[in-house]
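A short write-up of the structure that comes next.
Each value in this text was obtained by applying a stated rule to the coordinates, not by laboratory testing. Keep in mind it's a predicted model, so treat the numbers as computed, not measured. Here the Cβ positions follow ideal geometry from the backbone for every residue, glycine too, while neighbour counts run over all protein chains shown.
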Amino acid sequence: MSTATVQPEKPIFLNEEALKRPASSFAESDKGNTTWHTLLSAPATPSTSLSAGIAICPAKGSLALHRHEQAEIYYILSGSGEVEVDGKRQRVGKDMTVWIPGNAEHGVFCGDGEELRWLYVFPEGSFEDVVYHFSGPAQQD
């Protein structure tokens with residue numbers, strides 16, 4: 001019988017310094033111009049069950065339609081824009097929550113004068129384990 005010891009996870013507290021690091025983005029412009037700051041993701045943080053961060057879609061910007069195996073949650077922090085999930089677009093704004101099922105095609109779109117900031121959460125310990133499959137080039141509104 002194995003007597004392996006499971007180490008309990010410890011809480012993680014981050015302050016505003018986490019947002020001062022350079023933002024990440026996709027190297028290919030056809031995937032959109034959304035940027036993000038990953039807050040929780042192994043191995044940078046000792047989190048093993050969730051990864052999370054803050055994404056920003058600028059005015060006239062987008063995150064091209066894509067899919068990934070994992071479900072995802074968006075919590076809108078500020079601004080307004082549109083989120084499309086499986087062909088249906090919905091206006092979103094501050095304090096709204098969007099749950100996106102795994103493998104659902106989805107993207108984010110902002111019009112002129114709009115910027116959208118949202119918290120995203122994946123049920124993966126590392127953001128690197130989320131594999132994006134893009135449907136095509138980003139579309140601007």
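Taking other residues whose beta carbon is less than 11 angstrom from the beta carbon of Val131, and scoring Lys, Arg as +1 and Asp, Glu as -1, yields -3. Once you reduce the range 113-141 and the range 48-103 to the center of their Cα atoms, the two points are 7 Å from each other. Of all lysines in the structure, those lying under 24 Å Cα to Cα from Lys88, and not within fewer than 8 positions of it along the same chain, are Lys31, Lys60. By the rule of a C-alpha distance below 20 Å, with chain neighbours fewer than 8 residues away ignored, the aspartates and glutamates paired with Lys10 are Glu124. Our estimate of slack between Ser49 and Ala71, defined as 0.36 nm per intervening residue step minus the Cα-Cα distance, is 6.6 nm. Overall, the ratio between the Cα radius of gyration of the range 42-141 and 2.2 N^0.38 Å, rounded to two decimals, is 1.05.
P(r) tail for the range 47-97: Cα pairs beyond 19 Å make up 31% of the total.
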